[in-house]
Amino acid sequence: MPQANPLPNRLILGRVFDSAHPVRSREELLGRRRELDELLAATLDFGQHAIVHGARGSGKTSLVRIFGDHADQGGAVVIYMACEPGVSFSELILPYLRAIPTAALRPGAREAFARGLDALPATFGPRAVVELVAEQVSSPVLFILDEFDRITDTVVKADIAAAMKLLSDALATVLFVLVGIARDVSDVVDAHPSLRRHLRTVALGRIEPTSVDALITNGAAAAGLVFDDRARAVIARASCGSPFHVRIFAHHSALAAVRDGSSVVREADARTGLKTALEHWASMNHADAATFVRLVETGQNLHLLERTARRAAVNDRLEQDGSAETAHTNILADAVRAEPGMDTALVFRDSVAPQFLIAFIMLAEVSAPASVPTARQELPDAVDS
């Protein structure tokens, strides 16, 4: 009698549904072909700087990592680093300058570049950077500044904008790719409005339903599992097209099935997966989780509450436009706040929270579908405190 295929272990599931790290290969970057092509065209074809922005969990780092792989294959030198808060412009840029390989320099410029690099003062500005690289660097070089939103010093941001403008004016082959959240676009452009013609912005929204399904399918196939249609529907409804949430909900759902000795992930496993993911999230966000439990336990206007959460999840904000959804936001209390720099929009304090609010609502539907939800019987114990 043929033996059944062994169930995957936790390490395999953690690898194929990894929500904590960027994707590892081009094949894993699903639903971002347009954004990848736009980024490659901007930098390699048109010689423009770029800003990649999107909400937490939208896959910004994954996109730029795969972009860097393509750009490197296309002949560019890609230097990737993550920003640290509190650094000066000099401290931020010097490691990039030191990482420029000699192969990227024009013939005979190696010694001159080394001398210029050594001669930089402890504190230098954008013009010094341009004077160093404009004549010495001949190959396309991309400075990828990931987690740019961690830079809060407006002077540093203004210096970055000035460097980008000066590099473009000097026809330098060194380009900046800034990766962060949406408000960083206006911060940089406002510092140098003329930078707009040298800059391309690439916004990451939510991935399409077909890509959500493909993400689940690919992960399941790699793990030797099958997700049935009802399980997929549960994950798709809660995740709202966020790659982070698709992976974390699918991961916990798969673990629930495997614990029961099944290679098929069913609706009950998916709901168990939502509950476990909620417990983990709630353990790190007691205040918002307690607010969500309170709202769901009332059993009132849950449909409108889900529409509000979904709108925030899909658009990354709630525009105060007088709609039923935005009129409903007052019940969310401190879980939402005004978006920095915008008087007409609200954002969830925890940007990954809207999908977890939807998960709370979905679990309450099952715990007491015909009456007031007894949410504490179904929702995470971690929020009771």
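The values are calculated or read from the model by the stated rules, or taken from the named source; none is laboratory data. Source: prediction; values computed, not measured. Quick reminder, even Gly has a Cβ in these numbers, built from the backbone with ideal geometry, and neighbours come from all protein chains shown. Only protein heavy atoms, including side chains, enter the accessible area calculation; ligands, DNA and RNA are left aside. Shrake-Rupley method; radii C 1.70, N 1.55, O 1.52, S 1.80 Å.
For the Cα atoms of the chain, what angle does the longest principal axis make with the long axis of helix 89-99, in degrees from 0 to 90, nearest 10? The answer is roughly 80 degrees. Seen against the Cα atoms of the chain and their longest principal axis, helix 267-284 is set at about 60 degrees. With N as its number of residues, the chain has a Cα radius of gyration that, divided by 2.2 N^0.38 Å, comes to 1.13.
Here the Gaussian network model covers the chain, with springs between Cα atoms less than 10 Å apart; of Arg32, Arg206, Arg349, Arg349 fluctuates the most. Going by a ≥ b ≥ c, the root eigenvalues of the Cα gyration tensor, does region 69-157 fall in the rounded group (a/c under 1.5), the prolate group (a/b larger than b/c) or the oblate group? Taking the square roots of the gyration eigenvalues as a ≥ b ≥ c, region 69-157 is oblate.
Counting only DSSP beta bridges with both residues in the chain, the antiparallel share comes to about 20 percent. Candidate cross-link partners of Lys60 among the lysines, defined by an alpha-carbon separation under 25 Å and a same-chain spacing of 8 or more, comprise Lys157, Lys165. Taking Cβ atoms as reference points and 12 Å as the exclusive limit, the residues near Ile358 contribute a net charge of +2, counting Lys and Arg as +1 and Asp and Glu as -1.
Taken over the C-alpha atoms, region 128-173 has Rg and Dmax values of 11.7, 32 angstrom. The amide H of Ala345, built 1.01 Å from its N in the peptide plane, has Gln320, Glu339 as neighbours under 5 Å, considering only residues 5 or more places off or on other chains. The dipole here belongs to the chain: it is taken about the Cα centre, uses +1 on the Cβ of Lys and Arg and -1 on the Cβ of Asp and Glu, and is about 520 debye. Built from the Cα atoms of region 80-230, the convex hull projects on average onto 12.3 nm², one quarter of its surface area. Against the longest principal axis of the chain, how steep is helix 110-119, in degrees 0 to 90 to the nearest 10, with axes from Cα atoms? Taking the Cα atoms of the chain, the angle to 110-119 is about 80 degrees.
Structure remark: mean-square fluctuation, Gaussian network model of the chain, C-alpha springs under 10 Å; the largest value among Gly299, Gly241, Gly59 belongs to Gly299. Expressed as a whole percent, the proportion of Cα-Cα pairs in region 1-142 lying more than 19 Å apart is 64%. Here, region 166-246 has an Rg and a Dmax of 19.7, 57 Å when only alpha carbons are counted.
Ligands, DNA and RNA left out, the 1.4 Å accessible surface of the chain is 52% carbon and sulfur atoms. For the options Thr123, Thr61, Thr201, a Gaussian network treatment of the chain with springs between C-alpha atoms closer than 10 Å singles out Thr123 as fluctuating the most. From most to least packed by mean Cβ count within 10 Å, the peptides 280-286, 106-112 give 280-286, 106-112.
In the chain, the calculated helix contribution to ellipticity at 222 nm averages -15500 deg cm²/dmol per residue, counting -39,500 (n - 2.57) for every DSSP H run with n ≥ 4.
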